[in-house]
Amino acid sequence: MQIKISARHGHLAEPTQQFIRDKVEKLTHLFSRLTMIEVTVDLQEDLTSVELNVSAEHKHDFVAKESNKDVLTAVDMAVSKLEGQLRKYKQKIQDHRRKPSTGDVAAKPPEADAGEE
């Protein structure tokens, strides 16, 4: 998995970049099929915007944007949004709503017709 961190209108200090890297790496614990994470930090005078673009297998992209005065707070809030999106997507692809579940159907032995003997 690749992590790209870029800054507009300024420069991010190395400890800040490491904090961002550590935060976004935790997303792989939630969903292991991530291929690339792009973090764009827009440093303006009064407000900092953070945008996270996450690419997963099979061309699924997730985007979260957040603005705050503090860079670290904005990163935390954007990562929180992405965690929700990834949880929802993971729940969707697992398809827990199917009745009967696929595992139950596969476990049942085929029923023999008792009336044909």
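Extension gain GLU57-LEU30, at 0.36 nm per residue separation less the Cα-Cα distance, in nm?
Taking GLU57 through LEU30 to full extension adds about 8.3 nm, to one decimal.
Each label was represented as a point 7 Å from its Cα along the Cα-to-Cβ direction; for PHE19 and THR73 these points are 1.2 nm apart.
Residues PHE31, PHE19, ordered by accessible area of protein heavy atoms at a 1.4 angstrom probe radius and largest first, appear as PHE19, PHE31.
How much net charge surrounds GLU51 when only the other residues with a Cβ under 9 Å from the Cβ of GLU51 are counted, with Lys and Arg +1 and Asp and Glu -1? Local charge sum for GLU51: -2.
With a Förster radius of 30 Å applied to the beta-carbon distance between LYS4 and GLN91, the computed FRET efficiency rounds to 0.60.
The values are calculated or read from the model by the stated rules, or taken from the named source; none is laboratory data. The model shown is predicted, which means the values in this text are computed figures rather than measured ones. Every residue, glycine as well, gets a Cβ built from its backbone with ideal geometry; the counts of neighbours run over all protein chains shown. We work out accessible area using only protein heavy atoms, side chains counted, and drop any ligands, DNA or RNA first. Shrake-Rupley method; radii C 1.70, N 1.55, O 1.52, S 1.80 Å.
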